[in-house]
Amino acid sequence: MAKKSASLSKLPNARDLLAWYDRHRRRLPWRALPGRYSDPYAVWLSEIMLQQTTVTAVKPYYETFLKRWPTVEDLARAPIAEVMTAWAGLGYYARARNLYKCAGVVVADHGGQFPDTEEALRALPGIGPYTAAAIAAIAFGRHAVVVDGNVERVMARLFAVTDPLPHSKTTLRELAAKLTPLERAGDYAQGVMDLGATVCTPKSPACVICPWSAVCEGRKQGIAETLPRKAKKVKTPLRYGVAFWMMRADGCVALQRRPPKGLLGGMTEVPGSAWRAKAWSAAEAALAAPVKAKWRELPGLVMHTFTHFRLEVTVYAADLTAAQAKKLGPDIIWTPLKHVGQAGLPSVMAKMAALALKNVI
Ligand code: SF4
């Protein structure tokens with residue numbers, strides 16, 4: 001009997017992780033104390049913001065949103081342009097559009113209360129399997145299996161899974177499911193995420209302070225740091241674009257809002273060409289310009305990396321006459337130069353504005 005319990009104690013268990021979480025968890029503004037449930041609105045808002053984004057980058061945005069729109073009803077009532085502007089700089093703007101849509105659905109169809117099951121949460125705009133599981137576990141204490149990149153890394157190391165990602169995803173999920181406890185599933189999920197973020201980090205995991213150190217196969221085999229293995233990435237393609245920095249005599253620059261759908265949908269932009277696989281010649285750029293003018297190419301290029309492609313943008317500038325400015329039409333947002341920083345430009349557009357401001361003033 002004694003022999004059996006000794007061998008059982010060699011398996012990773014949730015209890016050790018929860019004890020570690022109670023003492024060493026990250027103190028984050030959207031979290032409740034251990035053993036308590038967090039506010040679903042706070043969990044949802046933070047989880048959407050945290051997708052592909054670091055905790056450090058999210059904190060000030062989360063605090064601004066919560067202060068400005070303390071409830072889901074407040075957010076649903078806000079004009080979308082204000083929400084998009086408040087999101088500017090956080091990236092992945094489809095998240096902000098879906099956040100807004102989701103707030104509307106929660107208010108209209110659920111009386112302002114987030115549903116408490118994974119299935120119902122997944123039916124809401126912008127909530128995928130991971131986010132639904134996280135909200136269900138953290139805000140409602142449901143026995144949901146929460147798997148993000150941190151959890152995958154910890155599972156791969158803990159069980160020495162050498163099959164590369166993404167092929168190993170199903171195995172890692174099954175292992176995560178086996179370890180998820182019936183009680184305190186939300187704290188457990190946050191515990192594994194914290195362990196991945198602070199101890200079992202991608203480089204140089206701090207195994208000596210890990211609560212699973214004694215049972216970690218990856219550590220025992222000396223391969224922890226090489227896990228999870230990843231299949232070779234296909235090189236992200238490069239696209240080219242041209243942006244037009246148009247100044248009026250009164251010191252205002254032409255900005256506009258992008259169409260509501262698609263990449264950076266609804267965000268403010270510096271007017272520009274389509275982004276394509278072939279570089280733009282100066283003659284093509286002149287033809288693509290919104291108005292005929294004396295264009296000059298600014299020195300330097302704007303480089304930006306999106307999830308699926310890299311972008312290289314050449315910026316052209318021109319001082320417009322009143323007649324040329326009028327031709328641009330009513331949708332242009334004429335913005336005084338000193339207010340460009342508050343115009344809610346997403347990062348790639350802010351880079352174009354920075355390059356122009358450096359060269360034309
Ligand atoms: Fe990660 Fe090391 Fe802990 Fe294993 S022992 S889970 S590799 S930190």
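The values are calculated or read from the model by the stated rules, or taken from the named source; none is laboratory data. Note that the structure is predicted; figures quoted are calculated from it, not measured. Cβ sites come from the backbone with ideal geometry, for glycine too, and all protein chains shown count toward neighbours.
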For VAL147, the lone unmet condition from (1) in a helix (DSSP H, G or I); (2) within 16 Å of the ligand (Cβ to nearest atom) is (1)
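Has the range 232-244 got any residue that is near the ligand (Cβ under 9 Å from one of its atoms) and either buried (at least 19 other Cβ atoms within 10 Å of the Cβ) or basic (Lys, Arg) (or both)? Please lay out each step first, then the result.
So in the range 232-244, the residues near the ligand (Cβ under 9 Å from one of its atoms) come out as none.
No, the range 232-244 has no match at all.
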Filter the range 90-123 down to the residues that are of a type in the set (Gly, Ala, Ser) and not in a loop (DSSP other than H, G, I, E, B), then identify the one that is modelled with the lowest pLDDT.
-> ALA94
How many residues are more than 8 Å from the ligand (Cβ to nearest atom) and in a loop (DSSP other than H, G, I, E, B) if we restrict to the range 202-226?
-> 5
Enumerate the pairs (first residue in the range 339-356 and in the same structural domain as GLU312 (by TED's automatic domain parsing) and over 19 Å from TYR240 (Cβ atoms); second residue anywhere and among the charged types (D, E, K, R) and outside any helix (DSSP H, G or I)) with beta-carbon separation below 8 Å, excluding pairs fewer than 6 apart on the same chain, so at least 6 apart or on different chains.
-> LEU345/GLU269
Identify, from the list ALA197, ALA206, ALA249, the residue that is touching a residue at least 40 places away in the same chain (Cβ under 8 Å), surrounded by fewer than 22 Cβ atoms within 10 Å (Cβ to Cβ) and farther than 30 Å from ASN359 by Cβ.
-> ALA197
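Identify the residue in the range 164-194 that is assigned to a helix (DSSP H, G or I) and more than 21 Å from ARG142 (Cβ to Cβ) and, among all such residues, is nearest to the ligand (Cβ to nearest atom). Step through it out loud before you land on a result.
Kept after step one, since they are assigned to a helix (DSSP H, G or I), are these residues of the range 164-194: 169-179, 185-194.
Retained after the next criterion (residues that are more than 21 Å from ARG142 (Cβ to Cβ)): 169-171.
On the way: LYS169: 18, THR170: 20, THR171: 16 Å.
So the residue we want is THR171.
Please verify whether LEU165 is among the aliphatic types (A, V, I, L, M), at pLDDT below 95 and farther than 25 Å from PRO34 by Cα, treating the condition exactly as stated. It would help to see each step written out before you state the result.
Working: among the aliphatic types (A, V, I, L, M): yes; at pLDDT below 95: yes; farther than 25 Å from PRO34 by Cα: yes.
Judged against the criteria, LEU165 is a match.
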Out of (1) in a helix (DSSP H, G or I); (2) crowded, with 18+ Cβ neighbours inside 10 Å; (3) among the small types (Gly, Ala, Ser), the one ALA81 does not meet is (2)
Which one of ASP319, ASP331 is over 28 Å from TYR61 (Cβ atoms), acidic (Asp, Glu) and touching a residue at least 24 places away in the same chain (Cβ under 8 Å)?
-> ASP319
Does any residue of the range 45-60 turn out to be surrounded by 15 or more Cβ atoms within 10 Å (Cβ to Cβ) and among the acidic types (Asp, Glu)?
-> yes
Residues of the range 309-361 being assigned to a helix (DSSP H, G or I), more than 30 Å from the chain's Cα centre (by Cα) and not polar (S, T, N, Q), which ones?
-> ALA322, ALA323, ALA325, LYS326, LYS327, VAL360
When the range 273-304 is checked residue by residue, the ones that are of a type outside the set (A, V, I, L, M), under 19 Å from GLY91 (Cα atoms) and not in a loop (DSSP other than H, G, I, E, B) are HIS304
